[in-house]
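Read through the structure below, which is laid out as structure tokens, and then see the notes.
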Amino acid sequence: MNIILLGPPGAGKGTQASRLVESRGMVQLSTGDMLRAAVKAQTPIGLKAKAVMEAGELVSDEIVSGIIGEALDGLGAGTGVIFDGYPRTEAQAHSLDAILADRGRTLDHVIELDVDEDALVERITGRFTCASCGEGYHDSFKQPKVEGECDKCHGHEFKRRPDDNEETVRTRMAEYRAKTAPILPIYEARGIVSRVDGMADMDDVTAAIAAILDSSKS
Ligand code: ADP
Ligand code: AMP
């Protein structure tokens, strides 16, 4: 099964994708994570992407579609994929069609996380992750069970993204509204879009997504 999690920054895509990885053995392909790794490793792609990401703007379609194609080539044919943060433009949506077709894959679901934009600034500015395993946390909504210790790997170092500040968040939301939301009709025309209330509790969002995925099992 191949699915897209769609929603503005802070909607909960990464949170829900990592739950699907654990519960269903799917693979999460997050272009944001891959680009951050490239920036950290100072690869040619990372060097090109760094300033664009810091400004909250979109990296070029060619770069992100290239890294998605390469990532898919590293996966077994039967591995289910969750696209998180990709596609983000109409050109990327068309590239994804070609990338999937070339590899004999089909797109089963586009799950849109429906959220209230005003709440997203709080979600994003309170977000932090474990520096070792990447588990996601939030200052108000999901603190580690033991203060200062990751629930998952028991690491003690946490980090915050440089682009998770209010000013950049506003740019990222504007980019979402202008370039990403308009791709929904492409998938609506195929009858594969489901909407989930992304403002609900994390566990309720997880359950709603599970119900959608299970409804299509034969
Ligand atoms: P995205 O990947 O869409 O940018 P994240 O999954 O990183 O968003 O979520 C952003 C922040 O909001 C994280 O700190 C996460 O812990 C928190 N969060 C995610 N889903 C919910 C939810 N349903 N309710 C409250 N907080 C949430
Ligand atoms: P994310 O982790 O999804 O919030 O992405 C962080 C940043 O990486 C974005 O603000 C963009 O600068 C860049 N980025 C991630 N995915 C894409 C994409 N599909 N297209 C263009 N830019 C992207």
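The values are calculated or read from the model by the stated rules, or taken from the named source; none is laboratory data. Keep in mind the model is a prediction, meaning the values are calculated, not measured. With ideal geometry, Cβ positions are generated from the backbone for all residues, glycine too; neighbour counts draw on all protein chains shown.
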*Go through Ala55, Ala71 for me and flag whichever is surrounded by fewer than 22 Cβ atoms within 10 Å (Cβ to Cβ) and free of Cβ contacts under 8 Å to residues at least 60 places away in the same chain.*
Ala71
*Residues of the stretch 154-176 being among the polar types (S, T, N, Q) and crowded, with 18+ Cβ neighbours inside 10 Å, which ones?*
Thr168
*asked:* Need pairs with beta-carbon distance below 8 Å; first residue under 13 Å from Asp33 (Cβ atoms) and assigned to a helix (DSSP H, G or I) and within the stretch 8-20, second charged (D, E, K, R) and within 7 Å of ligand 1 (Cβ to nearest atom); sequence gap 6+ or separate chains.
replied: Lys13/Asp84; Gly14/Asp84; Ala17/Asp84
*Which condition number in (1) touching a strand residue (DSSP E or B) at 6+ places or on another chain (Cβ under 9 Å); (2) surrounded by fewer than 16 Cβ atoms within 10 Å (Cβ to Cβ) is the one that Leu107 fails?*
(2)
*If you check every pair at least six apart or on different chains, which have Cβ atoms under 9 Å apart with a residue in the stretch 184-200 that is under 17 Å from Pro87 (Cβ atoms) and of a type in the set (Val, Ile, Thr) first and a residue that is more than 10 Å from ligand 1 (Cβ to nearest atom) and assigned to a loop (DSSP other than H, G, I, E, B) second?*
Ile192/Leu107; Ile192/Asp108
_Pairs, first among the small types (Gly, Ala, Ser) and at pLDDT 95 or above in the stretch 24-52, second surrounded by fewer than 20 Cβ atoms within 10 Å (Cβ to Cβ) and outside any helix (DSSP H, G or I), C-beta under 6 Å, six or more apart_ = Ala49/Val59
*Return yes when Ala49 is of a type in the set (A, V, I, L, M), over 16 Å from the mean Cα position of the chain (by Cα) and away from ligand 2 (no atom under 13 Å from the Cβ) and no when it is not.*
no
*asked:* If I ask for residues that are farther than 16 Å from Val121 by Cα, within 12 Å of ligand 1 (Cβ to nearest atom) and out of contact with any Ser or Thr (no Cβ under 9 Å at 6 or more places or on another chain), which ones from the stretch 134-150 would you list?
replied: Gln143, Pro144
*Within the stretch 178-200, which residues are under 17 Å from Ser60 (Cα atoms) and surrounded by fewer than 13 Cβ atoms within 10 Å (Cβ to Cβ)?*
Ala178
*Of all residues in the stretch 114-128, how many are closer than 27 Å to Ser194 by Cβ, within 16 Å of ligand 2 (Cβ to nearest atom) and touching a strand residue (DSSP E or B) at 6+ places or on another chain (Cβ under 8 Å)?*
2
*Cβ-Cβ below 9 Å, separation at least six or inter-chain, first residue in the stretch 87-98 and within 9 Å of Val64 (Cβ to Cβ), second away from ligand 1 (no atom under 16 Å from the Cβ) and of a type in the set (Ser, Thr, Tyr): which pairs?*
Pro87/Ser65; Pro87/Ser95; Gln92/Ser65; Ser95/Ser65
*asked:* Name the residue that is surrounded by the fewest Cβ atoms within 10 Å (Cβ to Cβ), counting only residues in the stretch 201-218 that are closer than 13 Å to Ile3 by Cβ and touching a residue at least 24 places away in the same chain (Cβ under 8 Å).
replied: Ser216
*Meets criteria (of a type outside the set (Lys, Arg), assigned to a helix (DSSP H, G or I), within 16 Å of the chain's Cα centre (by Cα) and near ligand 1 (Cβ under 10 Å from one of its atoms)) for Thr206*: yes
